[in-house]
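Shown next, in structure tokens, is the structure this report addresses.
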């Protein structure tokens, strides 16, 4: 089977790290490059973290580009309280020796998509959608080149995790999200409604730690760090492992269930800024523009992650 070409757009981030490693460990996917964006931590850390993660996985050949350092219109909001000061749960990884690629991530996205065939490349945003929106605005002709955008973001029945109404990735740059969701591109969304069902309990973390490799040990440490915040704040056994849902869906779509809906992104109200308004019951005549996931086989999900990370 020919590997599926993907581009990972990311703001690492502890759960971003697991998603990147899951993709790099999976021969079904051809990771063309990684584009970094400001989000969980500022851009100087996200691009560095992406290179550290690639090197730890033995993939210093991977192309990593730095993208947008702030949202389109709003000040940058970060999430060190969840991801640690360095973005990786304060996990101490070696400084990267692989270079950051020259040029801007948005330019590379445009050039790579324009050189591709129609419906060839899948975009996998794990953070704010700033880079993706900028690429779509800069060169609208890339739209037919995109096979699908599979993203982690949003929430509806679960509410928000940064405000009562909004999930962090969408809230961080709601205008970019509005641009992507209204572009006509094929969208699949992994919202809090599904990711909150994928919790890193102690047994699941222990299985990853037992891999015993540098990647396995680092992944378990990041999962523990992220989960500790959730346990303290929400009386839960472990935290949700959000971003790897994007990659797991490409590998094992049967682990997930959802429905095609109309989804709109709120940008007009500070109270509900960044809310993803999902017409789950079809009560409007809005075009169905996004497949929204709300079910996951969590045991199968963590088994997949553990099996694949053991390959690195």
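The values are calculated or read from the model by the stated rules, or taken from the named source; none is laboratory data. Values in this document were obtained by computation on a predicted structure and should not be read as measured data. Every residue, glycine among them, receives a Cβ derived from its backbone with ideal geometry; neighbour counts consider all protein chains shown.
A compact table of results
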{"quantity": "Candidates 46, 112, filtered to the one that is within 27 Å of residue 238 (Cα to Cα), in contact with a strand residue (DSSP E or B) (Cβ under 7 Å, 6 or more places away or on another chain) and modelled with pLDDT of 95 or more", "calculated": "46"}
{"quantity": "Positions within the range 221-246 being in contact with a strand residue (DSSP E or B) (Cβ under 6 Å, 6 or more places away or on another chain) and at pLDDT 95 or above, in sequence order", "calculated": "242, 243, 245, 246"}
{"quantity": "Sole exception among (1) in a loop (DSSP other than H, G, I, E, B); (2) touching a helix residue (DSSP H, G or I) at 6+ places or on another chain (Cβ under 7 Å) for residue 53, by number", "calculated": "(1)"}
{"quantity": "Lone qualifier among 58, 87 - being assigned to a loop (DSSP other than H, G, I, E, B), crowded, with 23+ Cβ neighbours inside 10 Å and touching a helix residue (DSSP H, G or I) at 6+ places or on another chain (Cβ under 9 Å)", "calculated": "87"}
{"quantity": "Matching residues, the range 260-312, being free of Cβ contacts under 8 Å to residues at least 24 places away in the same chain, farther than 28 Å from residue 75 by Cα and assigned to a loop (DSSP other than H, G, I, E, B)", "calculated": "279, 281, 282, 283, 284, 285"}
{"quantity": "Matching residues, the range 196-220, being touching a residue at least 12 places away in the same chain (Cβ under 8 Å) and either under 14 Å from residue 16 (Cα atoms) or assigned to a loop (DSSP other than H, G, I, E, B) (or both)", "calculated": "196, 197, 198, 200, 201, 211, 213, 215, 218, 219, 220"}
{"quantity": "Hits in the range 143-160 (condition: surrounded by fewer than 21 Cβ atoms within 10 Å (Cβ to Cβ), more than 21 Å from residue 279 (Cβ to Cβ) and in contact with a helix residue (DSSP H, G or I) (Cβ under 9 Å, 6 or more places away or on another chain))", "calculated": "143, 145"}
{"quantity": "When residues of the range 180-194 are limited to those that are in a helix (DSSP H, G or I) and free of Cβ contacts under 8 Å to residues at least 60 places away in the same chain, the one nearest to the chain's Cα centre (by Cα)", "calculated": "192"}
{"quantity": "Single condition residue 154 does not satisfy, out of (1) over 24 Å from residue 290 (Cβ atoms); (2) in a loop (DSSP other than H, G, I, E, B); (3) touching a strand residue (DSSP E or B) at 6+ places or on another chain (Cβ under 6 Å)", "calculated": "(1)"}
{"quantity": "Count of the range 1-36 residues which are closer than 21 Å to residue 112 by Cβ and assigned to a helix (DSSP H, G or I)", "calculated": "5"}
{"quantity": "Test: residue in the range 247-259 that is at pLDDT 95 or above, in contact with a strand residue (DSSP E or B) (Cβ under 6 Å, 6 or more places away or on another chain), closer than 19 Å to residue 179 by Cβ and not in a loop (DSSP other than H, G, I, E, B)", "calculated": "no"}
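Yes/no per residue for (1) closer than 14 Å to residue 263 by Cβ; (2) in contact with a strand residue (DSSP E or B) (Cβ under 6 Å, 6 or more places away or on another chain):
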residue: 147; (1), (2): no, yes
residue: 166; (1), (2): yes, no
residue: 193; (1), (2): yes, yes
residue: 196; (1), (2): no, yes
